Amino acid sequence: MTTPHTPTTPPPLPYTPAYPIRTERLELRPVRTEDFEAIYAYQRLPEVCRYLYWGPYEEAESRAAVATKTTRTTLRESGDILNLAVIVRESGRLIGDVTFFWTSAEHRQGGIGYVFHPGHGGHGYATEASRALLKLGFEDLQLHRIQAELDGRNTASARVLERLGMRREGHLRENEFLDGEWTDEVIYAMLAREWRAQRDAGRPKTG
């Protein structure tokens with residue numbers, strides 16, 4: 001017989017993570033203005049933006065996006081966002097950025113997103129960085145549920161979410177009009193108790 005888990009009190013607001021957030025191979029830190037060249041290197045690629053709601057970006061658009069990301073370092077209220085650069089600790093290279101959405105304080109809900117340079121694919125970096133966001137949400141913020149949404153054609157992103165242990169909860173048929181065609185949206189999610197079970201089972205840290 002197990003004892004029901006009672007969530008602890010979330011941290012006081014405003015909440016700023018202890019940067020950098022370290023994983024086995026990576027560091028997640030606030031985006032800086034000087035990160036522009038590294039971020040623009042993938043924001044301008046059509047293959048990166050194919051299943052996203054933006055891009056590919058021209059230089060001015062990317063500079064504006066980076067400027068916005070530099071301001072998203074602290075959570076103060078529902079609707080706030082964290083944008084964090086993902087750095088390979090061994091090389092110091094920026095390979096992508098991840099996003100944490102605090103969607104509801106009342107209902108303890110959050111969301112995650114990620115964009116990586118394709119030249120660094122196949123190493124499990126997206127999975128490792130995204131798992132750090134889940135840990136932040138479930139353990140630091142004491143959220144109840146975290147979800148991610150993606151274009152139904154984006155099978156590579158779906159594999160990342162499945163490696164994280166997130167469940168495929170919904171498939172919305174042709175609910176978005178992107179790039180001149182109707183596309184599906186797929187929703188993945190995880191609950192706090194599922195995160196704890198996975199953590200306690202000693203799931204590997206990398207993808």
> Going by the structure shown, is residue 24 over 25 Å from residue 153 (Cα atoms), assigned to a loop (DSSP other than H, G, I, E, B), out of contact with any Cys (no Cβ under 6 Å at 6 or more places or on another chain) and acidic (Asp, Glu)?
Replying inline: yes
>> If residue 153 satisfies all but one of (1) basic (Lys, Arg); (2) surrounded by 16 or more Cβ atoms within 10 Å (Cβ to Cβ); (3) in a loop (DSSP other than H, G, I, E, B), what's the number of the condition it fails?
In response: (2)
>> For the structure I just gave you, tell me whether residue 150 is out of contact with any His (no Cβ under 8 Å at 6 or more places or on another chain), under 15 Å from residue 111 (Cβ atoms) and in contact (Cβ under 8 Å) with a residue 24 or more places away in the chain.
In response: yes
> Among all residue pairs at least 6 apart or on different chains, which show Cβ distances below 6 Å where the first residue, located in the range 188-207, is among the polar types (S, T, N, Q) and the second is modelled with pLDDT of 95 or more and surrounded by 14 or more Cβ atoms within 10 Å (Cβ to Cβ)?
Replying inline: 198/165; 206/124; 206/128
>> Which count do you get for residues in the range 51-81 that are over 16 Å from the mean Cα position of the chain (by Cα), closer than 29 Å to residue 11 by Cα and part of a loop (DSSP other than H, G, I, E, B)?
In response: 4
> Give me the pairs: first residue in the range 98-112 and on the phi > 0 side of the Ramachandran plot and at pLDDT 95 or above, second residue crowded, with 21+ Cβ neighbours inside 10 Å and not β-branched (Val, Ile, Thr), beta-carbon distance under 6 Å, and six or more apart or on different chains, which are they?
Replying inline: 108/143
> Can you tell me which residues in the range 156-168 are buried (at least 17 other Cβ atoms within 10 Å of the Cβ) and not in a loop (DSSP other than H, G, I, E, B)?
Replying inline: 157, 158, 160, 161, 163
> How many of the residues making up the range 101-122 are touching a Phe, Trp or Tyr at 6+ places or on another chain (Cβ under 9 Å) and either in a loop (DSSP other than H, G, I, E, B) or more than 23 Å from residue 56 (Cβ to Cβ) (or both)?
Replying inline: 5
> Mind checking which residues of the range 60-79 are among the acidic types (Asp, Glu) and surrounded by 12 or more Cβ atoms within 10 Å (Cβ to Cβ)?
Replying inline: 61
> Can you tell me how many residues in the range 82-100 are part of a strand (DSSP E or B) and loosely packed, with under 12 Cβ neighbours inside 10 Å?
Replying inline: 0
> If you check every pair at least six apart or on different chains, which have Cβ atoms under 6 Å apart with a residue in the range 124-146 that is over 12 Å from residue 166 (Cβ atoms) first and a residue that is in a helix (DSSP H, G or I) and of a type in the set (Asp, Glu) second?
Replying inline: none
> In the range 123-141, how many residues are assigned to a helix (DSSP H, G or I) and either within 9 Å of the chain's Cα centre (by Cα) or among the small types (Gly, Ala, Ser) (or both)?
Replying inline: 8
>> Pairs please, first residue from the range 48-62 and at negative phi and β-branched (Val, Ile, Thr), second anywhere and buried (at least 16 other Cβ atoms within 10 Å of the Cβ) and outside any helix (DSSP H, G or I), Cβ atoms under 9 Å, 6+ apart in sequence or on different chains.
In response: 48/55; 48/56; 48/115; 48/116; 48/117
> Going by the structure shown, is residue 36 buried (at least 18 other Cβ atoms within 10 Å of the Cβ), assigned to a helix (DSSP H, G or I) and of a type outside the set (Lys, Arg)?
Replying inline: yes
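The values are calculated or read from the model by the stated rules, or taken from the named source; none is laboratory data. Bear in mind that the values here come from a model prediction, so they are computed numbers and not experimental data. Cβ sites come from the backbone with ideal geometry, for glycine too, and all protein chains shown count toward neighbours.
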